[in-house]
1. Just one of B:GLY194, B:GLY244, B:GLY239, B:GLY222 is on the phi > 0 side of the Ramachandran plot and surrounded by 12 or more Cβ atoms within 10 Å (Cβ to Cβ); which is it?
2. Looking at (1) surrounded by 22 or more Cβ atoms within 10 Å (Cβ to Cβ); (2) within 12 Å of another protein chain (Cβ to nearest Cβ); (3) in contact with a His (Cβ under 8 Å, 6 or more places away or on another chain); (4) not aliphatic (A, V, I, L, M), which is the one condition that is false for A:THR253?
3. Restricting attention to the stretch B:138-178, which residues are at the interface with chain A (Cβ under 7 Å from one of its Cβ atoms), open to solvent by 60 Å² or more (accessible area, probe 1.4 Å) and in a strand (DSSP E or B)?
4. Residues that are surrounded by 20 or more Cβ atoms within 10 Å (Cβ to Cβ) and modelled with pLDDT under 95: list the helices (runs of 4 or more DSSP H) wholly contained in the stretch A:3-113 that include at least 2 such residues.
5. From the list B:THR181, B:THR151, B:THR156, B:THR167, which residue is without any contact (Cβ under 8 Å) to a residue 12 or more places away in the chain and more than 30 Å from A:ASN140 (Cβ to Cβ)?
6. For the stretch A:167-228, list the strands (runs of 3 or more DSSP E) that sit wholly inside it and hold at least 3 residues that are surrounded by fewer than 12 Cβ atoms within 10 Å (Cβ to Cβ) and modelled with pLDDT of 80 or more; which are they?
7. Here are the criteria: (1) closer than 27 Å to A:LYS141 by Cβ; (2) under 19 Å from the mean Cα position of the chain (by Cα). Tell me which single one A:LYS71 does not satisfy.
8. Looking only at the stretch A:128-159, how many residues end up being within 9 Å of chain B (Cβ to nearest Cβ) and of a type in the set (D, E, K, R)?
Amino acid sequence: MVKILDEIKIMEKLKIWIFAEIFKHEIISGSLELITFANNLNKENIEISAIIIGSNVDKHFTTLKDYGCDKIYFKNDNLLKEYQQKYYASLLEHLCLENKPDILVFSATRIGSELSSTLGVRLKTGVSAHCIGLKLNPENKLIQEVPGFGGNIIAQVITPNTVPQIATVMPGMIKKFQSIGTKTDCEIVEIAYQIDALENLPELVSFTEKETTVQSIEDAEVIIAGGYGLGSKENWEKIEELAGLLNAGVGCTRPAADEGWCSEDLMIGQSGKVVRPKLYLGIGISGVMHHIVGMKDSETIIAINNDPKAPIFEVCDYIIEADAQEILPAVIKEIRASN
Amino acid sequence: MNIICCVKPIPDSKHWYKLSLDPETKVLNRKGIPMVINALDKNALELGVQLRDKFGGRLIAISMAPAEAKPVLTETLAFGADEAYLLTDRKFAGSDTWGTSYILSAGIMKISNFDVILTGEYSLDGSTAQVGPQIAEFLDIPFLSKVCNFTFNSDTFIVDVKSEQGTYKYKVKPPFLLTVTKDVNTPHNITLMGIIKARGKQIVEWSFNDLDIEDRMIGLQGSPTQMADIIVPDIKRKGERIEGNKKEIAQKIVNIFKQKGVL
């Protein structure tokens, strides 16, 4: 009798799975964020599992336990050493069929996007992409907040009838994620399924890492962002100067990146980074929705633009209708004077 | 070589400000908004034209869209596609990406002869980037997404994939599917000659009955994802104007920094 009740209890647990993506021998912060998100739900009867696959993944177990996993499913295999979509998807598919997770989340990376999409087909279930928010409804269904039409609308998507409910999540959704101390009873399970080598798969020839730019802006308390209105690379450099004086992060819009003034990594917006700083100062930015989606939750927003109709003025706390190219050096001067 | 290019007609983004949401039904009203080719699909078509011109064969455009999207298919023919297929049926309406990929895959399987499938990485309206990979999955062929460079000679195809970490270079062999970014090429402008030639080319329309698909897997009821709600985000703030000459403005900004503990 007791055994049956125990089994029922296990079946009732809400199984949340997080794919722990590895890059350069570390679990990416986007994946760790999601473990924190699951823990923050603070619900009884949730089982949080990480899925980690590759060729030498044991060294990551401690990190996963520290961030609050109840369970870790892992696999080491030479075929998994480099990401190969068909192998990874096949393994995850069989793991899901066997264990029936309720929710499966990925960070919205290239790998996360590819795996989530294809698993949706293999498992005949729903997938949402680039979520900027996740919640559980009273029935424990995942409400997935997804921007559409360049951010002009936010759709709340659910997968009501099938499992797993799959979602990819924009990095930066959880502002502070942290290790919570080791869960003492974390269960480590080796995935039994064996993948077979396939022919005619894309063959990796080389990998060229991006030149690492400044620290990730998602954590910055203050962000100075520059847009097309700056006019030139020289003016862009003043943005960096101002940010330096304030110990702030630097962000940009797509047009500024397209001009070559700065790296695309600094782009704030729907297809870039989502930031929630204490203070955001936008200089020479008109404020198309695509960008606004990436910074709308900043605590204080100041905008400088010489177009009185700039859409950014609708969403900011301080409106400065002036020439960005004049104000920027003036602000730098004032800060230097006050120091 | 036979190349199939999946193209999505989307509401023209210049007119998105006209979109309205019915608060009762949560249906987006797209009336009066013209449809255009999704920009990234033009990059895919351009790549298709290059491959067809190099290897010979046919470039075929395919869309799943409402009937009024037909002019977009004509545009693909003017761009250089040899044939175009429009999968259109009221029953398809409301399909999420799963349903859309399922329908497009059925269309592709009916066309049947293909070596390469190309599509834009994502569409500007939905932006999920799911349909390309999902079609590859339905057709059980390898794929690469976020392709930013593609080079080929007579027997080798080299593809660069742009991930957040850097660029991965792959060698691929047909059959494969690629989703492309805007960096992969610059689409040519449609010429008058292209428009004239388009008149001699065919747009084939297929409805539900022409495809080997099941009713229960498509449309709103067949979609595994549903919309619980659509919100127009309320992000407006009442901004306080800061005025004065440039020194005064700069001083006021510095004061705000001090107030907020930033300086």
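1. Answer to the check: B:GLY244.
2. (2)
3. Matches in the stretch B:138-178: B:LYS169, B:LYS171.
4. Working: elements: A:29-40, A:61-67, A:85-99.
Ranges flagged: A:29-40, A:61-67.
5. Values: B:THR181 fails: without any contact (Cβ under 8 Å) to a residue 12 or more places away in the chain; B:THR156 fails: without any contact (Cβ under 8 Å) to a residue 12 or more places away in the chain; B:THR167 fails: without any contact (Cβ under 8 Å) to a residue 12 or more places away in the chain.
Going through B:THR181, B:THR151, B:THR156, B:THR167 in turn, just one is without any contact (Cβ under 8 Å) to a residue 12 or more places away in the chain and more than 30 Å from A:ASN140 (Cβ to Cβ): B:THR151.
6. Values: elements: A:187-190, A:203-209, A:222-226.
The strands (runs of 3 or more DSSP E) meeting that bar are A:203-209.
7. (2)
8. 2
The values are calculated or read from the model by the stated rules, or taken from the named source; none is laboratory data. What you are looking at is a predicted structure, and each value in this text was computed from that prediction instead of being measured. Positions of Cβ are generated from backbone atoms using ideal geometry, with glycine treated the same way; all protein chains shown enter the neighbour counts. Ligands, DNA and RNA are excluded from the accessible area calculation, which covers all protein heavy atoms including side chains. Shrake-Rupley method; radii C 1.70, N 1.55, O 1.52, S 1.80 Å.
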